[in-house]
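Novice: Below are the structure tokens for one structure; questions will follow.
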Amino acid sequence: MRKRSDAEVFRITGARQGLAEDVRGRQRRYVISMLVRTASVIATVALWNVQRPVAVVTLVLGALLPYVAVVFANAGRENVPSLPSTFVTPPPPTMIAPQPGPVAAAAPSAESGAEDRP
């Protein structure tokens, strides 16, 4: 049985990506940042007598980029994605609205009870 490379794969667990895939991604980021550094050093050499302020900026970028690239490459693995919570919160209790109508009719008064007694 052969694996198809064009088949779409769905992630159904909360597991991390594989270690080989993680290392490959780190290497890719490092190579891209080193290519940007190489371009900035070449731009520094090319612009030194033409646009000195721009050349200084590219020189600083070329000097700081290796540190940043190493920090990002060694930043560690991804966090484990959190799984959806299975706890279902109950709906909030509804507030009972006051009933319309006269209040005196609902409650007997003290005077009416006094007249009925002997």
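Novice: Within segment 80-97, take every residue that is modelled with pLDDT of 65 or more and not hydrophobic (A, V, I, L, M, F, W, C) and give me the one that is nearest to the chain's Cα centre (by Cα).
Specialist: Selected residue: 89.
Novice: OK, next. State which residue pairs qualify: first residue surrounded by 12 or more Cβ atoms within 10 Å (Cβ to Cβ) and inside segment 54-77, second residue among the β-branched types (Val, Ile, Thr) and in a helix (DSSP H, G or I) in any location, beta carbons under 6 Å apart, and separation of 6 or more residues or different chains.
Specialist: 55/44; 58/44; 59/44; 62/41
The values are calculated or read from the model by the stated rules, or taken from the named source; none is laboratory data. Since this is a predicted model, take the numbers as computed values, not measurements. We place every Cβ from the backbone using ideal geometry, glycine too, and count neighbours over all the protein chains shown.
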